[in-house]
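Structure record follows, encoded as structure tokens.
The values are calculated or read from the model by the stated rules, or taken from the named source; none is laboratory data. Source: prediction; values computed, not measured. Glycine also receives a Cβ, built like all others from the backbone with ideal geometry; neighbour counts cover every protein chain displayed.
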Amino acid sequence: MSARSPAPADFYVAEPARGIRRFVRPRKPRTKNHAHAADPKSADTNETPAAQKQPPPLPAGGERGTESARSLRRFRTPAHRATSNVVAGAYPFLAEAGLGSDGVYVGQDAWSGGAFCFDPWVLYQHGVLTNPNCVLAGVVGKGKSCLAKSLATRSIALGRRVYVPGDPKGEWTAVAQAVGGASIQLGGSTSHRLNPLDAGVRDHRLSDQQWTSEVSKRRRVLIGSLAASTLGRPLLPVEHTALDMALAQATLARVPTLPIVVDAVLSPDKSMPGATVAQLARDGRDMGHALRRLVAGDLAGLFDAETSVTFDPSLPMLTLDLSRITGSDQLMAMIMTCASAWMEAALADPDAGARWVIYDEAWRLMRQPALLARMQSQWKLSRGLGIANLLVIHRLSDLDAVGDTGSEARALARGLLGDCSTKIVYQQEVSESANTATQLGLTTAERTMLPDLLTGEGLWRVGTRAFVVRHTATPDELRVFDTDQRMRA
């Protein structure tokens, strides 16, 4: 059967009769010889072909006959109800509406192509988030540090302030200077001292007795966590008693410091019911020598005196540079804890506005259960203080390195992740994808994305919603944020 040739230009397809398609030549307009049969006025008019009567349109149901692509009956689709996952597969031509335009511009939503903006305080007000805390995980060299710095610096334009209580690599020093902030360097040849037992800014809502109790509790938790981390075990009941007596003795000084507490633990001067002075000295001997390392030896000159630097809350950014201090992961974790305690005490002002507190290289802290418990308790207070914490780690399996399976320490690590309503995951190793998907509750499609995310791309879980975001940075930002300059030099 040969192919049908196209109809001439002056033909149109009329509605066929009895299912047979026919071509009909249109009638020619009347000539002057036929003017007597038409309107006399129309005989002298010269109508253009476009103005002539057009052929009738095709029927609404389509052309009848074979090869007309016409259905036998009128098409009717019954209503269908299914889950969002099923409907998304059946009709995938929908994109997430995004989080709105309020907040910091981060980059492009890879699924919808629109702009992606993020602000934990705004989302908390809208009910999208239950808390403002965030966790950022990704392998080395995929841009997680650049994202953290972009969120911090761009938030300053919205009136937020940024604090980095521990910078082991010194990467935030240039960032703080670029935005008009300051960086406090510890260790090396510097003479700066921090007193982690500082009372900090007083909460005007508390009475004198309540404020004294709050400061004592904060100091008690800090020193107890440091002692347990150094000893590698929980404190014994008699050691708790010795520590309480030492803190009570140290608070008699004008400004309590760690050396005063260590001396009070090793040489108590007052007994109590159930324990003599000699018994208190014996019970706290191991703990006192464990704490002594923070004020003597390789850590001398860091936390062994009153604070010698000034905390200026009006600065847009303040960081603590620990890059001149070297030591084991446990030692660095203790240093970061002391430095964080000093800054957290200075941030305990509920009227200071919205603030970012960024814990870079936080995997060091997470491997110390005692220090992790102190940090988690501190996070519980962040919402009331207007603080959003950002935890930067390499992989979520760092949580599994804390304690044994089913232990209290492991539960603390998982609880810290649960206290973060926003979870940002950059590229992960293939072996890490299953664990990451389990802990974050990712779908199968989201899990398969993790090993294939490009540099600067991240999977964002904001509450119950998911996005793949391509972070966008300006050339000026990259010059300040770049951490690979030495590798490319």
Might you let me know whether segment 221-237 holds any residue that is surrounded by 15 or more Cβ atoms within 10 Å (Cβ to Cβ), farther than 21 Å from residue 265 by Cβ and either within 33 Å of the chain's Cα centre (by Cα) or basic (Lys, Arg) (or both)? no
Suppose we filter segment 347-366 for residues that are more than 23 Å from the chain's Cα centre (by Cα) and crowded, with 19+ Cβ neighbours inside 10 Å; how many remain? 0
If you go through 233, 254, the only one that is outside any helix (DSSP H, G or I) and more than 24 Å from residue 329 (Cβ to Cβ) is 254
Heads up, the helices (runs of 4 or more DSSP H) in segment 89-187 (entirely inside) with at least 3 residues that are under 17 Å from the mean Cα position of the chain (by Cα) and of a type outside the set (Phe, Trp, Tyr) are 120-125, 144-156
Any residue in segment 78-103 that is farther than 30 Å from residue 155 by Cβ sitting within a Cβ distance under 7 Å of a residue that is β-branched (Val, Ile, Thr) and at pLDDT 70 or above? List the pairs, counting only those 6 or more apart or interchain. none
Answer yes or no as to whether residue 106 is touching a residue at least 60 places away in the same chain (Cβ under 8 Å), among the β-branched types (Val, Ile, Thr), surrounded by 14 or more Cβ atoms within 10 Å (Cβ to Cβ) and assigned by TED's automatic domain parsing to the domain that holds residue 382. yes
So which residues in segment 280-328 are touching a strand residue (DSSP E or B) at 6+ places or on another chain (Cβ under 9 Å) and basic (Lys, Arg), if there are any at all? 324
Sole residue being of a type in the set (A, V, I, L, M, F, W, C) and either more than 13 Å from residue 147 (Cβ to Cβ) or in contact with a Pro (Cβ under 7 Å, 6 or more places away or on another chain) (or both), chosen from 462, 425: 462
Which condition from (1) buried (at least 16 other Cβ atoms within 10 Å of the Cβ); (2) at pLDDT 90 or above is the one that residue 158 breaks? (1)
Take the residues in segment 269-292 that are within 22 Å of residue 305 (Cβ to Cβ) and crowded, with 22+ Cβ neighbours inside 10 Å; name whichever of them is nearest to the chain's Cα centre (by Cα). 291
